[in-house]
Structures are given as structure tokens and as C-alpha cells.
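Notes for the one structure printed next.
The values are calculated or read from the model by the stated rules, or taken from the named source; none is laboratory data. Values in this document were obtained by computation on a predicted structure and should not be read as measured data. FYI the Cβ positions are ideal-geometry reconstructions off the backbone, even for glycines, and counts take in every protein chain you see. The accessibility values were calculated without ligands, DNA or RNA, using every heavy atom of the protein model including side chains. Shrake-Rupley method; radii C 1.70, N 1.55, O 1.52, S 1.80 Å.
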Amino acid sequence: MFSIGKLLIAFGLILAAVGFLLLLSDKIPWLGRLPGDITVKRDNFTFYFPLATCILISVIISLIIWFFRK
């Protein structure tokens, strides 16, 4: 039961951190508008895929996890 408690606490902290970052996302205007983000606009259809933003966030999260594992 101790390991489940630690896992739930870790998920709660991660969820709180993601919520905090979503609150701050308005303050970072370039996030989501990087070169490499795909946007297709038609008459009444818009497709948006933030490819470069996803890669950047993935690299940052990977570095943070790597740092804490050392």
C-alpha cells in the first residue's frame, strides 16, 4: 500500500504542475506558434497540430526526469 500512496502523490504533483503551467500559458505568447507547428486553414475548417511545441515540451520533460534520476 505504501507504493500506491507514493504513486498517487506523484500523479497529484504532476497534475498540479500541469495545471499551473496552463495558467501561465497566456504569459508565453510564442508557445504554440513555433516554426514547425502545422496549421491548415480552409473556408470553414482549421487544422492545427503543434509539432514543434510537442517536441520542445518532450525534450524539456525528458531533461527534467533525467536530472532527477541522477
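At a probe radius of 1.4 angstrom, the accessible area of the chain per residue rounds to 95 square angstrom. With kT/(6 pi eta Rh) evaluated at 10 °C and eta = 1.306 mPa s, and Rh the Kirkwood radius from Cα pairs, the chain diffuses with a coefficient of 107 µm²/s according to Stokes-Einstein. Per-residue ellipticity at 222 nm from helix content only, as computed over the chain with -39500 (n - 2.57) for each DSSP H run of at least four residues, stands at -21000 deg cm²/dmol. Tell me, what % of the accessible area of the range 13-70 is carbon and sulfur with a 1.4 angstrom probe? Carbon and sulfur together cover 72 percent of it. When +1 charges are put on Lys and Arg Cβ atoms and -1 charges on Asp and Glu Cβ atoms, the dipole computed for the range 1-63 relative to its Cα centre reaches about 40 debye.
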